[in-house]
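Here the structure is laid out as structure tokens; the discussion comes afterwards.
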Amino acid sequence: MIKKIIILCTITLCLISCDQNSSDSAQNSQISDGQGGSLATFSLKGEYLYTVDYSNLSVFNIANATSPVKVNTINVGFEIETLFGFQDYLFIGSQNAMYIYDITNAELPKKLSQSNHFRACDPVVANGTNAYVTLHSNAACGGAVNELKTYDITDLENPILLNSRGLTQPKGLSLYGADFLLVCDDSVKIFDVTDPSDSKYLEEIPTVGAIDIIIRDNNAFIISENSIAQYQLDTTNITNFKKISEFTF
Amino acid sequence: MRKLILILCCLSFFNCFFNDENTSEDPFFSSYDPVVLAITEFENSIVLQDMQPVMEASKIYIIDTFIFINDKRTGFHIFDNSDPTNPIKKKFLKAPGATDIAIRNNILYINQATDLVVLTFDFNALTAVVSKRVKNVFPELLSPHGEWFYEEGKVVVNWIEK
């Protein structure tokens, strides 16, 4: 009998929480934000726009959408390049480190950690458990490393480097669901990251000069030096991608 | 041990000399020229134009059925993607100095060199109006080698390789 009551309570609680979720998303649906790639330096969250420049993280209050007010500037480090927002966290890529900031208090980002790496350009993406950083070297970035780094970020204050995988010259990247990571390299490479400590290379989407990738639902948008290509992806069979179009510049 | 350090020091000095021949990191012999605009020209430089050829594709941003592609430090190409099998290049939002954009509903936020610029965009008519310019919230643009340029009343919007 007690078991039944517990089960009943659990179900009721689940239903209530589902209900709250759906009403939340209903409220949010009035706001439509666009989506940037992993090389972006702008990130929208709630009533705030976060930006990074060479050395600073800036916070703009955009409660009045057409009249932003700069409310904070935080010196992060040197040669900052990319900003990626995930839930209440900002992941900042610089030429020699990945920084994680907590924005639970929206106007006062709090530094949680800094993971240093060799000098190179480095976009970062993350989910609830892992962060993925690509490092690439060229004339502007300097350095001599080209690799994909995987961090365990279950403890955001102490990211643990799980592995580094050598690549050709990786640039932008995007997670596709929880299981896959797509990386712009000498082609767009698809990795199975079901086990992030042992990611597996599966397949490539042939692309020359790929710069960055955005995945929205099951659609991939790949920007390269000479084109914008769109692909339909399939979570149940990742190697079964279909080209929708390619607009050549 | 001391000898070793001395030798290493010597080697690194040699390194400097040899590098000087072809390096562009020497601030006195920069391999980049700044592109500058007078402040009034800069502040009136954002214009929505007819489509333009893509010169240097850089970052990508998507919202609903539109794709924005930054042409490095010159502006944004706007594509109508309502038919993904046939995206159409519609407009060029000229914005000298800009690299990044964020869009919420019909409001565009752009980093134009030192300024954050807010535009109100009509996605049906494809028109844009500058709603606000928040001045001097970003640092002056440095060259890819970290060089700096300052002249009273001028704004650096790009650095071009010589």
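Summary table below
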{"quantity": "Segment B:74-114, residues that are more than 7 Å from every other protein chain (Cβ to nearest Cβ), under 21 Å from A:Val69 (Cα atoms) and without any contact (Cβ under 8 Å) to a residue 40 or more places away in the chain", "calculated": "B:Ala98, B:Asn106, B:Leu108"}
{"quantity": "Whichever residue in segment B:64-73 is over 16 Å from the mean Cα position of the chain (by Cα) and on the phi < 0 side of the Ramachandran plot and, among such residues, is farthest from the other protein chains (Cβ to nearest Cβ)", "calculated": "B:Thr65"}
{"quantity": "Residues of segment B:71-111 classified as aromatic (Phe, Trp, Tyr) and either over 24 Å from A:Tyr54 (Cα atoms) or assigned to a loop (DSSP other than H, G, I, E, B) (or both), total", "calculated": "2"}
{"quantity": "Qualifying residue in segment A:99-107 (condition: in contact with a Cys (Cβ under 7 Å, 6 or more places away or on another chain) and surrounded by fewer than 23 Cβ atoms within 10 Å (Cβ to Cβ))", "calculated": "no"}
{"quantity": "Filter pass, A:Ser22 being hydroxyl-bearing (Ser, Thr, Tyr), surrounded by fewer than 17 Cβ atoms within 10 Å (Cβ to Cβ) and either touching a helix residue (DSSP H, G or I) at 6+ places or on another chain (Cβ under 9 Å) or at pLDDT 95 or above (or both)", "calculated": "no"}
{"quantity": "Count of residues meeting criterion [in a strand (DSSP E or B) and within 18 Å of B:Leu37 (Cα to Cα)] in segment B:112-162", "calculated": "14"}
{"quantity": "Residue in segment B:124-134 that is over 25 Å from A:Glu246 (Cβ atoms), at the interface with another protein chain (Cβ under 8 Å from one of its Cβ atoms) and hydroxyl-bearing (Ser, Thr, Tyr) present", "calculated": "yes"}
{"quantity": "Residue that is nearest to the chain's Cα centre (by Cα) [pool: residues in segment A:62-87 that are surrounded by fewer than 14 Cβ atoms within 10 Å (Cβ to Cβ) and either of a type outside the set (S, T, N, Q) or more than 17 Å from B:Asp115 (Cβ to Cβ) (or both)]", "calculated": "A:Gln87"}
{"quantity": "Spans of strands (runs of 3 or more DSSP E) in segment A:41-88 with at least 1 residues among the polar types (S, T, N, Q), without any contact (Cβ under 8 Å) to a residue 24 or more places away in the chain and more than 7 Å from every other protein chain (Cβ to nearest Cβ)", "calculated": "A:69-75"}
{"quantity": "Residues (among the aromatic types (Phe, Trp, Tyr) and either within 10 Å of chain A (Cβ to nearest Cβ) or buried (at least 17 other Cβ atoms within 10 Å of the Cβ) (or both)) located in segment B:135-151", "calculated": "B:Phe138, B:Phe149"}
{"quantity": "Those residues of segment A:163-200 which are more than 11 Å from A:Leu148 (Cα to Cα), surrounded by 13 or more Cβ atoms within 10 Å (Cβ to Cβ) and more than 17 Å from the chain's Cα centre (by Cα), in sequence order", "calculated": "A:Asp186, A:Ser187"}
{"quantity": "All positions within segment A:97-122 that are away from chain B (no Cβ under 14 Å), without any contact (Cβ under 8 Å) to a residue 60 or more places away in the chain and in a loop (DSSP other than H, G, I, E, B)", "calculated": "A:Ile103, A:Thr104, A:Asn105, A:Glu107, A:Leu108, A:Pro109, A:His117, A:Phe118, A:Ala120, A:Asp122"}
{"quantity": "Count - residues of segment A:183-221 that are of a type outside the set (S, T, N, Q) and within 14 Å of another protein chain (Cβ to nearest Cβ)", "calculated": "14"}
{"quantity": "Among the residues listed as B:Asn111, B:Asn106, the single one being more than 17 Å from the chain's Cα centre (by Cα) and modelled with pLDDT of 95 or more", "calculated": "B:Asn106"}
{"quantity": "2 or more residues among the charged types (D, E, K, R): qualifying strands (runs of 3 or more DSSP E) within segment A:164-221", "calculated": "A:188-192, A:200-205, A:210-216"}
{"quantity": "Complete set of residues in segment A:222-243 that are part of a strand (DSSP E or B) and free of Cβ contacts under 8 Å to residues at least 12 places away in the same chain", "calculated": "A:Lys242"}
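The values are calculated or read from the model by the stated rules, or taken from the named source; none is laboratory data. Every value quoted in this text rests on a predicted model; they were computed, and no experiment measured them. Methodologically, a virtual Cβ is constructed for each residue, glycine included, from the backbone with ideal geometry; neighbour enumeration extends over all protein chains shown.
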